[in-house]
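Submitted below is the structure of interest, expressed as structure tokens.
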Amino acid sequence: MITGSQTDEAEVVETASAKINLALHVTGQRADGYHLLDSIVTFATDAFDRLSFLPADRDSFTLGGRFGPLLSPEATGQDGNLVLKARDLLRAALAGEGVSMPPVAIRLEKNLPVASGIGGGSADAAATLRGLLRFWGASLPEDALFALALRLGADVPMCLSSRPLRARGIGEDIVALPAMPALSMVLANPMKGVSTPEIFRRLQEKNNSPIGATPTGSDTTEWIALLASARNDLEPSARASLPEIAEISQMLSESGALLIRMSGSGATCFGLYVDHAAAEAAATRLSRKRPDWYFQATRTA
Ligand SMILES: C[C@](O)(CO)[C@H](O)COP(=O)(O)OP(=O)(O)OC[C@H]1O[C@@H](n2ccc(N)nc2=O)[C@H](O)[C@@H]1O
Ligand SMILES: Nc1ncnc2c1ncn2[C@@H]1O[C@H](COP(=O)(O)OP(=O)(O)OP(=O)(O)O)[C@@H](O)[C@H]1O
């Protein structure tokens, strides 16, 4: 699905929405070390990075936004930005089909906290794939695009769709959940990065039960009941390494959230509220308490 918009003749703009693991069960581990998951995932409509693509004489990459200064535009290789890895992989895949793509100036407005469990880098990589295909007027068969996304990270295929879904396997076995209702939430992050591999390494129990069956309809109460019966199995190990997760969960609870949980490998937690006005009021109050932390009210896709 295309989530961006064309702002002028030449510029292509694409949004990279925060990914939220509403529930995440770890159900096993593959021989290569990757963990098997069962996760209910949605995307934030009001928390996103923004990517823009413009014609240029040579490739360039610039960063802006609140969290842009935390990333280096010059980093290359393993430490390179996922946006550049996505650009290079896509260009190589298209070259393999005999099509050579021109230089592009990419700007990333980094509004999402980094290494925070809401898949910022993965969403940026997926948005780069979507945006560049539009910018270059190119296409790849769906399965080739999906395989390319998976090479960039386990979360990247799900970020390609940016719609509610259930992910199994290592995150690549995806089923859309079109009946999921939009939820009102606050995303809360204590501004401390968390290493995903380290949280997986610290896991004590890796063979947990899957999540229950998802409701067939769009009744919010039924969906919240299902979520309440589920967990994030990465939360105990993240809490053990970062006491701020308990603190931020307590703050969300005191602000009237109906359900509170960590997303991904943390440290971002979300609280669900009765409606968007309640979520916005809570985010405002929480930001006043801790102006140095990240609080964002959002609806979900
Ligand atoms: C925790 C989640 O965000 C939940 O959606 C994802 O599983 C993580 O996805 P991601 O950050 O895109 O992960 P990748 O960049 O592919 O992998 C980072 C590291 O996390 C661990 N990893 C990741 C995904 C997975 N299913 N099992 C794992 O054990 C591996 O140690 C891997 O080396
Ligand atoms: N565009 C990008 N945005 C954020 N981080 C990036 C980006 N490109 C590379 N990185 C690197 O990727 C690492 C993970 O960052 P990211 O914000 O994607 O983590 P995350 O939200 O925990 O992801 P996930 O939920 O998929 O585990 C960071 O250490 C960061 O340096």
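Name the residue that is farthest from residue 187 (Cα to Cα), counting only residues in segment 283-301 that are among the small types (Gly, Ala, Ser) and outside any strand (DSSP E or B).
301
Would you check which residues across segment 119-162 are of a type in the set (D, E, K, R) and within 26 Å of residue 28 (Cβ to Cβ) and list them?
Hits for segment 119-162 are 143, 151, 155.
Another question about this same structure. Return the only residue of 100, 72 being of a type in the set (Ser, Thr, Tyr) and away from ligand 2 (no atom under 12 Å from the Cβ).
Just one listed residue meets the conditions, 100.
From the list 63, 36, 51, pick out the single residue that is within 19 Å of the chain's Cα centre (by Cα) and within 16 Å of ligand 1 (Cβ to nearest atom).
That would be 36, the only listed residue that is within 19 Å of the chain's Cα centre (by Cα) and within 16 Å of ligand 1 (Cβ to nearest atom).
Looking for something within 14 Å of ligand 2 (Cβ to nearest atom) and in a loop (DSSP other than H, G, I, E, B) - is there at least one such residue anywhere in segment 77-87? So that I can check it myself, show each step before the final result.
Within segment 77-87, the first condition is being within 14 Å of ligand 2 (Cβ to nearest atom), and the residues that meet it are 77-87.
Right, trim to in a loop (DSSP other than H, G, I, E, B) and you get 80-81.
Yes, segment 77-87 contains a residue that is within 14 Å of ligand 2 (Cβ to nearest atom) and in a loop (DSSP other than H, G, I, E, B).
Of everything in segment 170-185 that's away from ligand 2 (no atom under 15 Å from the Cβ) and under 20 Å from residue 265 (Cβ atoms), which residue is surrounded by the most Cβ atoms within 10 Å (Cβ to Cβ)?
Ranking the qualifying residues of segment 170-185, first place goes to 185.
Then there is this: List pairs: first in segment 28-42 and more than 14 Å from residue 173 (Cα to Cα), second of a type outside the set (A, V, I, L, M) and crowded, with 17+ Cβ neighbours inside 10 Å, Cβ under 6 Å, 6+ apart or cross-chain?
29/35; 42/164; 42/300
OK, next. Does segment 105-126 contain at least one residue that is farther than 22 Å from residue 265 by Cβ, in a loop (DSSP other than H, G, I, E, B) and modelled with pLDDT of 95 or more?
Checked against the condition, which is being farther than 22 Å from residue 265 by Cβ, in a loop (DSSP other than H, G, I, E, B) and modelled with pLDDT of 95 or more, segment 105-126 yields no hits at all.
Among residues belonging to segment 259-288 that are touching a helix residue (DSSP H, G or I) at 6+ places or on another chain (Cβ under 7 Å) and over 23 Å from residue 226 (Cβ atoms), point out the one that is surrounded by the most Cβ atoms within 10 Å (Cβ to Cβ).
Going through the qualifying residues, I end up with 267.
Residue 198 versus (1) away from ligand 2 (no atom under 13 Å from the Cβ); (2) surrounded by fewer than 17 Cβ atoms within 10 Å (Cβ to Cβ); (3) not in a loop (DSSP other than H, G, I, E, B): which is the lone unmet condition?
(1)
For segment 263-282: of the residues being assigned to a helix (DSSP H, G or I) and small (Gly, Ala, Ser), which is nearest to the chain's Cα centre (by Cα)?
Within segment 263-282, the first condition is being assigned to a helix (DSSP H, G or I), and the residues that meet it are 276-282.
Of the ones still in play, those that are also small (Gly, Ala, Ser) are 277-279, 281-282.
Numbers: 277: 24, 278: 24, 279: 20, 281: 24, 282: 22 Å.
For segment 263-282, the residue satisfying everything is 279.
OK, next. Of the residues that make up segment 258-267, is at least one more than 16 Å from ligand 2 (Cβ to nearest atom), of a type outside the set (S, T, N, Q) and either touching a residue at least 60 places away in the same chain (Cβ under 8 Å) or farther than 24 Å from residue 37 by Cα (or both)?
The answer is yes; a qualifying residue exists.
Moving on to the next point. Looking at 256, 212, can you tell me which residue is touching a helix residue (DSSP H, G or I) at 6+ places or on another chain (Cβ under 8 Å) and closer than 22 Å to residue 177 by Cα?
Within the list 256, 212, the selection yields 212.
On to the next question. Which condition from (1) out of contact with any Gly (no Cβ under 9 Å at 6 or more places or on another chain); (2) in the same structural domain as residue 66 (by TED's automatic domain parsing) is the one that residue 215 breaks?
Answer for residue 215: the failing condition is (2).
Being within 11 Å of ligand 2 (Cβ to nearest atom) and within 17 Å of residue 173 (Cα to Cα) is the filter here; which residues of segment 124-152 pass it?
126, 152
Mind checking which pairs have a first residue in segment 107-122 that is within 14 Å of ligand 1 (Cβ to nearest atom) and a second that is of a type in the set (D, E, K, R), Cβ under 7 Å, 6 or more apart or different chains?
Short answer, once both residue conditions are applied: 112/49; 118/19; 119/19; 119/155; 120/49; 122/19; 122/155.
If a residue must be within 19 Å of residue 170 (Cβ to Cβ) and surrounded by fewer than 19 Cβ atoms within 10 Å (Cβ to Cβ), how many such residues does segment 201-236 contain?
The number of residues fulfilling the criteria is 10.
The values are calculated or read from the model by the stated rules, or taken from the named source; none is laboratory data. Keep in mind the model is a prediction, meaning the values are calculated, not measured. Here Cβ is always computed from backbone atoms with ideal geometry, including for glycine, and neighbour counts include all displayed protein chains.
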